[in-house]
1. Just one of (1) 79, 52, 38; (2) 74, 45, 34; (3) 60, 46, 41 is Cα extents along the principal axes in Å as worked out from the coordinates here. Which one is it?
2. Size of the dipole of the chain about the Cα centre, Lys and Arg at +1 and Asp and Glu at -1 on the beta carbon, nothing else charged, in debye to 20?
3. If Lys and Arg each add +1 and Asp and Glu each add -1, what is the summed charge of the other residues whose beta carbon sits under 9 Å from the beta carbon of THR8?
4. Can you list residues whose amide H is under 5 Å from VAL304's amide H, if they're 5+ apart or on another chain and H is modeled 1.01 Å from N?
5. Quick one: TYR259, TYR356, fewest Cβ neighbours within 10 Å first, how do they rank?
6. Taking the Cβ of each residue in SER7, SER350 as the centre, tally the other Cβ atoms inside 10 Å and list the residues starting with the fewest.
7. Determine the gain in length on full extension of the stretch GLU370-ARG279; use 0.36 nm per residue of separation and subtract their C-alpha separation, reporting nm with one decimal.
8. Please give the charge dipole size of segment 223-382, origin at the Cα centre, charges +1 on K and R Cβ atoms and -1 on D and E Cβ atoms. Round to the nearest 20 debye.
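Read-outs: derived from the displayed coordinates by stated rules, not from any lab. Note that this is a predicted model, so its numbers are computed, not measured. Please note: Cβ atoms are built from the backbone with ideal geometry, for glycine as well, and neighbour counts cover all protein chains shown.
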Amino acid sequence: MRVLFSSTPAYGHLLPLLPLARALRSRGHDVAVLSAETMAPVLAPEGIELLPAGPSMDVVLAETGRRTGTDPTQPVPERVAELFARVRIDLGADEALPLVRKWQPDLVVSEWVDFVGQLVASALDIPLARLAFGPAFPPEFTDMLADAVAERFAARELTPRPADWLLDTCPPAMQPDGWRPVPGTLALRPEAHRQPWARDASAAHVPDRGARSGRRRVLVTFGTIFTAPEVLGPILRELSAADLDLVATVGLTNSPEDYGVDRDRVSFVGFTALDTLLRDVDLVVTHGGAGTTFGALAEGIPLVIVPQGADQFLQAERVVAADAGVAVLPDTATPRAVADAVRAVLADPSFRAGAYGVAAEIASRPTPDEVAARLEIALAVL
């Protein structure tokens with residue numbers, strides 16, 4: 001079987017696809033990824049073929065900003081639809097189609113807001129699975145996205161192919177109130193990103209760290225896009241005054257010097273697999289990207305979420321609802337407020353208990369290998 005994964009050209013969208021891609025490849029199937037050339041550094045260590053189509057994410061964001069005259073990273077339905085449906089299809093679909101025709105997949109797996117994958121599956125009449133890496137979007141977002149997708153598909157004389165399966169990595173505790181799975185949903189266990197040569201992360205477990213001597217270790221990571229020094233620097237300076245062992249990521253384009261922090265108080269790292277960063281961590285301070293949020297919760301680690309845009313407010317809301325952490329929203333997100341939230345979460349064991357509860361739900365979900373086996377059976381009877 002030949003399986004094509006399709007992703008928005010951003011690390012936070014591509015990385016959640018990799019566990020299933022690895023599982024399918026280990027079962028003897030051919031695997032490739034359709035995305036921008038800028039995703040090559042992620043895929044090269046995996047040995048996964050890249051079908052390069054469309055521009056990088058910074059180009060997509062810039063074009064969306066030009067068309068709307070607004071910040072495209074903010075969670076406004078019209079901007080989300082413009083970015084993921086109209087701009088990405090306009091700039092990438094025509095380049096993607098001939099590549100996919102030549103590769104001839106038997107199945108397309110697209111991440112939740114990648115509609116280029118849905119377009120090629122619709123054009124070539126190929127079974128489609130969509131992978132959701134966070135809580136279900138509110139209807140005002142899904143309706144706006146569906147309208148924009150239908151518009152762009154109609155311009156190419158196509159009808160959007162409904163997904164044959166929804167691969168859902170979000171445990172029930174993190175779903176909105178009243179959520180119900182749609183027909184064709186297959187639960188899938190989320191995993192913190194790891195290097196391909198690292199330990200197997202498929203074994204179900206709820207970690208038991210117990211007490212450690214010395215200072216509490218806090219990971220501060222705002223992903224690869226939302227790493228602006230003017231936002232993160234003041235937070236790090238405030239946290240560095242506390243009696244904490246701080247580790248901070250600098251994203252893809254920044255350096256430690258950009259943050260104006262005493263290097264003796266903060267250990268900076270470049271892009272590093274999340275499972276490595278989470279080792280021996282007591283708390284994660286994050287923007288609330290789905291990969292970081294679910295990776296930390298899978299390890300039973302509570303969070304302080306400081307959402308900056310995109311779907312981060314959804315993650316923040318659900319972490320609070322699950323009693324697995326605290327959200328510090330933009331109107332109150334002073335460095336002092338973030339530091340106070342860190343102290344509060346570290347001091348209150350109920351947040352660790354809430355994170356462990358979510359970890360237990362995550363551990364009970366089918367592994368990527370189990371889902372790969374189910375897809376094999378389902379495709380055989382289509």
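1. (3)
2. Working: 34 positive and 49 negative charges, 135 e Å.
Rounded to the nearest 20 debye, it is 640 debye.
3. Details: positive: ARG88; negative: GLU111, ASP114.
Once all neighbours under 9 Å are counted, the net charge is -1.
4. Sorted by chain and number, the residues that satisfy this are VAL284, VAL285, THR286, VAL326.
5. Working: TYR259 22, TYR356 18.
In order of increasing Cβ crowding within 10 Å: TYR356, TYR259.
6. Details: SER7 27, SER350 11.
Final ranking by Cβ density, sparse to dense: SER350, SER7.
7. Working: separation 91, 0.36 × 91 = 32.76 nm, distance 2.60 nm.
That pair, GLU370 and ARG279, stretches by 30.2 nm at full extension.
8. On the way: 10 positive and 22 negative charges, 24 e Å.
Using Cβ point charges on Lys, Arg, Asp and Glu, segment 223-382 gives about 120 debye.
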